[in-house]
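The values are calculated or read from the model by the stated rules, or taken from the named source; none is laboratory data. Since the model is a prediction, treat every value here as computed from it, not as a measurement. Every residue, glycine among them, receives a Cβ derived from its backbone with ideal geometry; neighbour counts consider all protein chains shown.
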Amino acid sequence: MKESDLTEYLFAIKHLDSWSHWLQLSRAEFFKPYLSRWREELSLKIKGEALQRLQEVAGDISHRSHTDINKYLANEAWKVHQNAQVPRGRPSKEEVAKAAKNEANALRELNKDFERVLGGDGSEELIGFTPEGLDKLKLLNELEPEGNG
């Protein structure tokens, strides 16, 4: 905590004499709960110190950022919302592959239904998914007998 080292590198070199030793320690299951608490505490310490500096500047009317800092503090923009959703990044390769497989299975099922209902031989593309398919669909609609209303 005294080090206030966000990278953890300086701490590792000073107290463990090597970065690799720190990596091994930080990956050890018994150490993870302690490390998690330390990282959280360091984050809060740094935020607290930064807010103290902002409060000092907020009291200085001659400072050019006085108004903005006071708005920031008054709106409590510095608070971390525990239930806030973190924006999700790009899906993993596994998720993309799984979604593609699901899509392929769904199209295969639709193709089976198409063959069953319209008597296709399986070589046609699904009706409605291509411009040619839309033309086929229009042609089929024209060939159907008028409604028995």
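So here's what we get for this one:
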item	result
Residue check for residue 102: within 26 Å of the chain's Cα centre (by Cα), at pLDDT 75 or above and surrounded by 10 or more Cβ atoms within 10 Å (Cβ to Cβ)	yes
Enumeration of residues in the stretch 22-51 that are farther than 14 Å from residue 4 by Cα and of a type in the set (Gly, Ala, Ser)	26, 28, 36
